[in-house]
1. Just to check your reading of the model, which residue among Val478, Val442, Val423 is β-branched (Val, Ile, Thr), in contact with a Cys (Cβ under 9 Å, 6 or more places away or on another chain) and under 30 Å from Arg699 (Cβ atoms)?
2. Would you call Val65 assigned by TED's automatic domain parsing to the domain that holds Phe100, in a loop (DSSP other than H, G, I, E, B) and within 20 Å of Thr130 (Cα to Cα)?
3. Which residue out of Asp686, Asp621 is more than 36 Å from the chain's Cα centre (by Cα), closer than 27 Å to Arg523 by Cβ, of a type in the set (Asp, Glu) and surrounded by fewer than 17 Cβ atoms within 10 Å (Cβ to Cβ)?
4. Can you name the residue in the range 179-207 that is in contact with a Ser or Thr (Cβ under 6 Å, 6 or more places away or on another chain) and among the hydrophobic types (A, V, I, L, M, F, W, C) and, of all such residues, is farthest from Arg274 (Cα to Cα)?
5. Which residues, counting only those in the range 498-526, are part of a loop (DSSP other than H, G, I, E, B), in contact (Cβ under 8 Å) with a residue 12 or more places away in the chain and out of contact with any Ser or Thr (no Cβ under 7 Å at 6 or more places or on another chain)?
6. Quick test for you: out of Ser431, Ser452, Ser457, pick the one residue that is under 17 Å from the mean Cα position of the chain (by Cα), assigned by TED's automatic domain parsing to the domain that holds Gly658 and farther than 15 Å from Ser506 by Cα.
7. Cβ contacts < 6 Å: first residue touching a residue at least 40 places away in the same chain (Cβ under 8 Å) and farther than 14 Å from Thr23 by Cα, restricted to the range 127-138; second residue of a type in the set (Gly, Ala, Ser) and surrounded by fewer than 24 Cβ atoms within 10 Å (Cβ to Cβ), any location; separation 6+ or different chain. Result?
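The values are calculated or read from the model by the stated rules, or taken from the named source; none is laboratory data. Owing to the predicted nature of the structure, the values given are computational and were not obtained by experimental measurement. Quick reminder, even Gly has a Cβ in these numbers, built from the backbone with ideal geometry, and neighbours come from all protein chains shown.
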Amino acid sequence: MQPESTPDLVPVDLPPHPRVFVTEEGLQRCRSLTEETVWAQAALGRLLKAADAPCEWDVSESAPVRPEHGTKVLNHAFRQILAFHLTGRGLYLDSALVDFRCVATAYLRWPLVNDHTRAAPYGLAESRFTITLARVYDLIAPEGLAQADRELFQQALALTEETTDRCQHTTCGNHNTWNLVARLAAGLASGETGLVRDALHGWTFDGVPRYGLIHQLRHDILSDGLHWERTPGYHFYTLMALTDAAAMLANAGVDLWHAELPAQTGDDGRDLHRAYGPDGSKCLKAAFDAPFYATLGNGDFSLLHDSGLANLRGVWIWGPLYELAYQAYGDPKYAWLLARIEREYADWSGREYPQLPMSLQPPAGEWDFVLLKDAEHPTGHFSLDEDCSISLAGTHRQGCTLFPVTGVSILRNRPEDAAGTAVQMFWGPHSAGHQSPAALCVDLYGHGRCLSASPQSAGYEDPLHKTWVRSTIAHNTVTVDGRPMIPYDVEVDSVWKTDGARGLESDGVLELFQVEGPFKACRASNEAVYPGIRLDRTLVLTDRIILDLFRVIGTGPHQYDYAMHIGGRPSTATEYASAAPFRGIGYDHLKNVRTIRAPAGIADLTWETAGSPLRAVLQADEGSEFLLADDPATEKAQAFGALEPLPRSSALVVRSRGDQAMFLSMWSTEAHNLEMIVEDGRADGDVVVRTQIGSQVERWHLPCAAGEVTSEQLPTP
């Protein structure tokens with residue numbers, strides 16, 4: 001599958017043990033740090049406290065370890081053997097041997113579960129078990145093992161091939177990424193370089209080919225630096241595995257950190273997504289860089305799709321990713337982020353170990369500290385004011401960012417000002433199971449926080465996930481005829497549907513990315529998610545307002561619902577009356593529905609957000625209905641990096657009927673009066689609109705055909 005230009009990253013000769021989790025050089029450095037630095041002393045103290053605690057489960061030959069206890073016993077062995085290497089105390093080695101011997105003996109007897117796991121009920125946990133098994137053996141191996149023990153441990157490692165062969169995810173997803181890292185760890189620990197080659201380049205089992213890490217770096221980290229599943233949370237979850245792989249290979253003398261790999265330009269045969277090229281080389285570093293530019297402002301991410309990562313400061317939950325990246329690349333923006341994380345979490349009540357960096361607060365911090373060369377870094381530097389390219393295709397200029405492969409445009413008016421305004425539009429395809437049907441979805445940012453809301457749930461088993469998160473009306477876009485966009489336009493049992501499973505392509509089209517000049521604008525369209533209907537959205541950002549024009553053009557009468565979900569409550573000054581409850585997929589969750597009095601099809605609304613009021617003037621076609629409703633509460637939803645609970649959100653729905661519809665809205669975080677008048681235009685033609693905020697009056701020309709947005713200043717009336 002791999003072209004000739006792809007470098008061969010398989011090590012020819014492996015160095016002596018240890019070489020999986022850490023090398024002898026790394027252990028020696030850690031020993032020195034524990035003698036010289038407070039943070040390393042605190043980290044060692046935490047490890048030893050855990051190592052000194054008795055194993056949670058009775059470990060003896062008379063009480064065989066059961067699969068449900070195997071990971072806990074194995075983790076105990078990992079603590080013990082690390083404690084031995086850092087202190088030299090033989091009791092820790094003896095204890096590690098007892099634990100590991102019992103786990104290895106039991107592992108050889110455990111049956112396969114559902115033909116693909118042995119030590120865990122699901123594949124991701126199985127991968128983590130295999131990685132830890134390899135780490136423990138690798139650290140025990142140089143300690144003069146008895147021949148019987150060595151043969152037992154090697155048998156257990158060899159048996160992990162059965163589960164890495166049978167992992168049910170074989171191509172592009174994060175499950176396979178972790179499975180490949182497990183295969184890599186087992187190969188490095190056992191010395192079987194064939195397994196290392198498998199992990200890098202893939203292999204075939206029972207006639208089914210499996211993609212390797214090289215494919216994932218060439219294809220699944222997109223050419224604009226973001227992961228193909230298109231959520232920041234899963235970007236970092238996958239990057240966590242790739243970081244493990246890079247660190248392991250570095251221990252074996254292979255530099256995956258800096259490897260330049262050719263972007264994939266064609267299907268390897270079983271690809272889950274259609275993002276190819278352009279020609280050129282890609283590096284793992286882009287996956288660490290891109291998230292800095294995917295933020296709306298102040299580090300906030302959109303919570304669209306299955307992310308759960310509310311702010312870039314929350315990346316610490318995935319461990320020392322950026323510490324290891326800084327050690328590999330020395331990029332000052334990584335140091336900037338690490339300093340910011342420490343500063344903003346300095347007094348956080350959930351910080352259990354005050355002397356340790358945030359990335360060592362998770363449970364794995366008990367051992368991850370061994371990987372760090374230091375926990376103190378320079379102040380660093382990062383600025384959204386500085387233009388740059390992101391990998392092969394991403395663009396950041398004039399404070400605005402375009403991820404053309406992911407399908408995201410972000411406009412920012414004052415990128416270095418936390419109180420500045422920003423707007424993001426997602427127009428990419430629905431090609432991953434972690435996505436929701438939300439083409440042309442928009443997020444608003446101001447007052448130093450995300451003002452709009454995306455639907456959240458308490459997990460994939462939460463009924464809300466299927467009936468709310470996977471509905472279109474729950475998102476800031478247009479729903480047609482009360483049906484979610486493809487692939488959720490038909491009744492389904494799964495929350496993992498993709499357009500590929502239906503043999504469809506849901507890609508949107510970027511029509512405009514205009515960031516030079518006194519204002520910023522972007523435009524995208526989609527004619528796939530509702531076949532026969534064109535969705536077309538134009539956003540304009542100035543220093544004071546966001547202008548949003550949503551055109552919908554159908555081929556016959558339809559119902560169009562433009563929705564915006566705002567993190568706050570509408571002002572009680574809004575005139576409204578009770579309305580009939582909504583009915584339909586997603587709609588059923590909207591409560592306290594009321595109709596807004598909107599003479600001449602224009603509504604003027606204010607929301608009380610956590611920062612300060614958000615104002616909007618909205619206009620729709622004659623006869624349109626303006627409705628407010630309460631979004632469902634999701635108190636257990638994850639919002640990593642948010643220092644405060646997410647506010648309860650409410651919905652605005654503007655309903656229009658006909659063969660086409662035009663929704664125009666003007667948003668501002670200023671207290672000045674707003675006015676907006678459509679002087680000319682309809683959905684299938686050019687639109688001319690006059691806006692006023694305070695004494696500033698402008699006329700905007702938004703063309704229907706391809707072309708830039710233009711404006712002119714007008715005298716105050």
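1. On the way: Val478 fails: in contact with a Cys (Cβ under 9 Å, 6 or more places away or on another chain); Val442 fails: in contact with a Cys (Cβ under 9 Å, 6 or more places away or on another chain).
Of Val478, Val442, Val423, the one residue that is β-branched (Val, Ile, Thr), in contact with a Cys (Cβ under 9 Å, 6 or more places away or on another chain) and under 30 Å from Arg699 (Cβ atoms) is Val423.
2. yes
3. Numbers: Asp621 fails: surrounded by fewer than 17 Cβ atoms within 10 Å (Cβ to Cβ).
Going through Asp686, Asp621 in turn, just one is more than 36 Å from the chain's Cα centre (by Cα), closer than 27 Å to Arg523 by Cβ, of a type in the set (Asp, Glu) and surrounded by fewer than 17 Cβ atoms within 10 Å (Cβ to Cβ): Asp686.
4. Of the residues in the range 179-207, the ones in contact with a Ser or Thr (Cβ under 6 Å, 6 or more places away or on another chain) are 179, 182-183, 186.
If we keep only those that are among the hydrophobic types (A, V, I, L, M, F, W, C) too, we end up with 182, 186.
Values: Ala182: 27, Ala186: 32 Å.
The selected residue is Ala186.
5. Passing the criteria: Leu504, Glu505, Ser506, Asp507, Val515, Glu516, Pro518.
6. Ser457
7. Matching pairs, first to second residue: Phe129/Ala120.
Residues are listed down the side, and each one gets a yes or a no for (1) under 26 Å from Thr421 (Cβ atoms); (2) modelled with pLDDT of 90 or more; (3) outside any strand (DSSP E or B):
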| site | (1), (2), (3) |
| --- | --- |
| Ala573 | yes, no, yes |
| Ile585 | no, yes, yes |
| Thr606 | yes, yes, no |
| Asp621 | no, yes, yes |
| Leu628 | yes, yes, no |
| Arg655 | no, yes, no |
| Gly658 | no, yes, no |
| Ser665 | yes, yes, no |
| Ala671 | yes, no, yes |
